[in-house]
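Just so it is clear, none of the values below were taken in a lab; they were calculated from the coordinates. For clarity, every value in this text was computed on a predicted model and none was experimentally measured. Every residue, glycine among them, receives a Cβ derived from its backbone with ideal geometry; neighbour counts consider all protein chains shown.
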Amino acid sequence: MSDYRDLRISVIGAGMGGLACALAFAKKGFKHVDVYETASNLGFVGAGIQLAPNMVRVLDRWGCWESIAAEATNIRSSSIREGATNRELVHVEMPDIAEKYGYPHCTGHRASLAGGLYEGCKKEPAITFHFSSSLAGVTSFGPDKTVFTVQPRNAEAYEVETDILLGADGIKSAVRTAMLRVLNVEADVEDTGQAAYRIMLSRSQMEHDPELLALLDADCALRWIGAKRHIVAYPISNKTIYNISTCQPDVNFAAAPGATYTTRGSKPAMLKVYADFGPTVQKMLNMVPEGEVCEWKLRSHSPLPTWILGAAALVGDACHPTLPHLSQGAAMAIEDAAVLAEVVSSAPGGGDDREALFKALKVYELLRKDRTTLLVDLAAESARTLHLGEGKAKEERDRQFLNAKKRGTPIPDKWASPEVQHMIYSYDCVQEARDKFDELYATLADGANGHANSGSNGHANGYANGNATEVAA
Ligand SMILES: Cc1cc2nc3c(=O)[nH]c(=O)nc-3n(C[C@H](O)[C@H](O)[C@H](O)COP(=O)(O)OP(=O)(O)OC[C@H]3O[C@@H](n4cnc5c(N)ncnc54)[C@H](O)[C@@H]3O)c2cc1C
């Protein structure tokens, strides 16, 4: 082989990160991209998602932004209100995001984002999807061969030899489990103590109430905050749906086994958690049909010593799961994919030099780890700020909100902060990879990605037999 485009790329998982990996490699001209997904199809969680400019920049390069944009809402302001009183603490106008960063900040349906990526993939003959097919174990991470086992739902397991293995298999990543086992490292999924209700109200439910209709028709992302809880709401799907996502202390999952991440919630329990929030919130929560309350466990992961082993790399929630409070989880997974395709294409040796490929993957980690760690930390910090209960810290926060409103001083919330927005939205992950590849590659000694220790068997356990019915978080 002397053309890197002949490399065999295997992607585990067809969530946002996996779909993006497949598309990123196909767009770079790779001819053999296989995606293995436990679920039988792309069944989408009914929920909204924020589409930040740094994500949109990547989608646009792949030619799949236009269809997503057609039904997205361009968010032009953000408002934070006290949950109990509906008093506005701060209102941030952001009419010029597209002018500043080249792309707008939008909200959309998850099905629209995943569907846009999937439609893009379907146009690429290089990509083959294997649904109802789970990664069951990794036989070898290299250095010579990278081999893993696939377990189809109703057929015999089979082995696959690949050149690059990408673990885009989410927070419960089996690739990560196998990798850590080979490295003899203990790092576990962590409990955040937080859970989220996800709600979608239709226009027909809201249109008879002028106050609610005004919310649906505004280009505003709203938050109502209270002690240990908050609610985020924005319009999606051409303003036919109002998407509401909450965050509150987890009580229902605390005693549940680790494998459970979503559950049918109880409406009375949900109403009780937000009982002290004002009438607007009450009206909306009461519109949720009994039996359609969906609650999600929010989990994170203890820091990983590496995302790379031999010819394998982790992507998205598999290596940097985040609390959703900065709306960057899927954006980071999509950026990871774009950077991976860029660095693998840049590796010297045209695909023949495996050591060069291993080092290129290490460059990916070097490019991505500090940034994603920073964003994960900022998301956690946002939660601490928004969730303050009565006391001096809350008084100080509200004073800062007031000053921001009156004098334009910094906003204590990270998502709405123009400074943080600038840092996140102006970032062009592909340009950075192009600019820094040679310099970072040159710093790496042979064996820099740990493959020297990786000859042994890394069979994953547990998750691979899961019966996922939904794709994406
Ligand atoms: C409440 C909430 C709100 C959020 N809001 C936003 C937002 O506004 N903006 C934003 O950018 N992000 C947001 N996020 C984060 C975002 O949803 C996730 O970070 C992102 O979807 C992760 O994508 P992923 O592909 O890494 O993982 P996942 O979406 O979890 O995909 C992993 C895939 O791998 C498959 N899989 C797992 N194991 C195997 C196996 N062994 N073999 C084969 N397949 C396997 C799974 O079935 C799944 O399809 C939010 C998250 C939450 C919880």
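Helix 329-346 and the longest principal axis of the Cα set of the chain meet at an angle near 30°. For the range 193-298, the dipole from Cβ point charges (+1 on Lys and Arg, -1 on Asp and Glu) about the Cα centre works out to 320 debye, to the nearest 20. Restriction of the trypsin sites (Lys or Arg not before Pro) in the range 81-181 to DSSP coil positions whose beta-carbon has at most 12 other beta-carbons within 10 angstrom yields ARG87, LYS123. With kT/(6 pi eta Rh) evaluated at 4 °C and eta = 1.567 mPa s, and Rh the Kirkwood radius from Cα pairs, the range 165-241 diffuses with a coefficient of 79 µm²/s according to Stokes-Einstein. With a Förster radius of 25 Å applied to the C-beta separation of GLN431 and ASP370, the computed FRET efficiency comes to 0.90.
Applying 1/(1 + (r/R0)^6) with R0 = 30 Å to the Cβ-Cβ distance of GLU66 and GLU292 gives a FRET efficiency near 0.40.
When only C-alpha pairs under 8 Å and at least 6 residues apart count, what is the relative contact order of the chain, in percent?
Over the chain, the number comes to 24 percent.
Each label point was placed 7 Å from the Cα along the Cα-to-Cβ direction; for VAL185 and GLU88 their separation is 4.7 nm. Working value for the range 291-396: equivalent-ellipsoid semi-axes of 36, 15, 11 Å, each the square root of 5 times a Cα gyration tensor eigenvalue, largest first. A straight chain from ARG399 to ASP438 at 0.36 nm per residue would run longer than the Cα-Cα distance by 9.3 nm. Ignoring solvent entirely, what values of log10 I(q)/I(0) come out of the Debye formula for the range 217-328 at 0.09, 0.10, 0.15, 0.20 Å⁻¹ when each Cα is a single scatterer? Taking Cα atoms of the range 217-328 as identical point scatterers yields -0.33, -0.40, -0.81, -1.22. Considering only alpha-carbon pairs that sit under 8 angstrom and 6 or more positions apart, the relative contact order computed for the range 193-298 is 36 percent. Candidates VAL56, HIS387, LEU19 compared by Cα position along the dipole of the chain: farthest toward the positive end lies HIS387, with charges placed on Cβ.
Using the Cβ-Cβ distance between GLU159 and LYS267 with R0 set to 41 Å, the FRET efficiency from 1/(1 + (r/R0)^6) comes to roughly 0.30. Could you work out the Kirkwood radius for the chain, taking every pair of different alpha carbons, averaging 1/r and inverting it, reported in Å? One decimal place: 22.9 Å for the Kirkwood radius.
Computed from Cα positions, the angle between helix 354-386 and the longest principal axis of the chain comes to roughly 10 degrees. The GluC sites (Glu not before Pro) found in the range 159-207 that occupy coil by DSSP, while having at most 15 further C-beta atoms within 10 Å, are GLU186, GLU207. Of all beta bridges that DSSP places with both ends in the chain, some 70 percent have antiparallel geometry. Here the sum of -39500 (n - 2.57) over DSSP H runs of 4 or more residues, divided by the residues of the chain, equals -11000 deg cm²/dmol at 222 nm, to the nearest 500.
Looking at the range 254-342, the GluC sites (Glu not before Pro) that sit in a DSSP loop and have at most 11 other Cβ atoms within 10 Å of their own Cβ are GLU290. Going by alpha carbons, how many degrees (0 to 90, nearest 10) lie between the helix axis of 429-442 and the longest principal axis of the chain? Value to nearest ten degrees: 40. The mean sequence distance of close C-alpha pairs (under 8 Å, at least 6 residues apart), as a share of the length of the range 63-112, puts its relative contact order at 40 percent. With both labels modelled 7 Å from their Cα along Cα-to-Cβ, the THR240 to HIS422 distance reads 4.0 nm.
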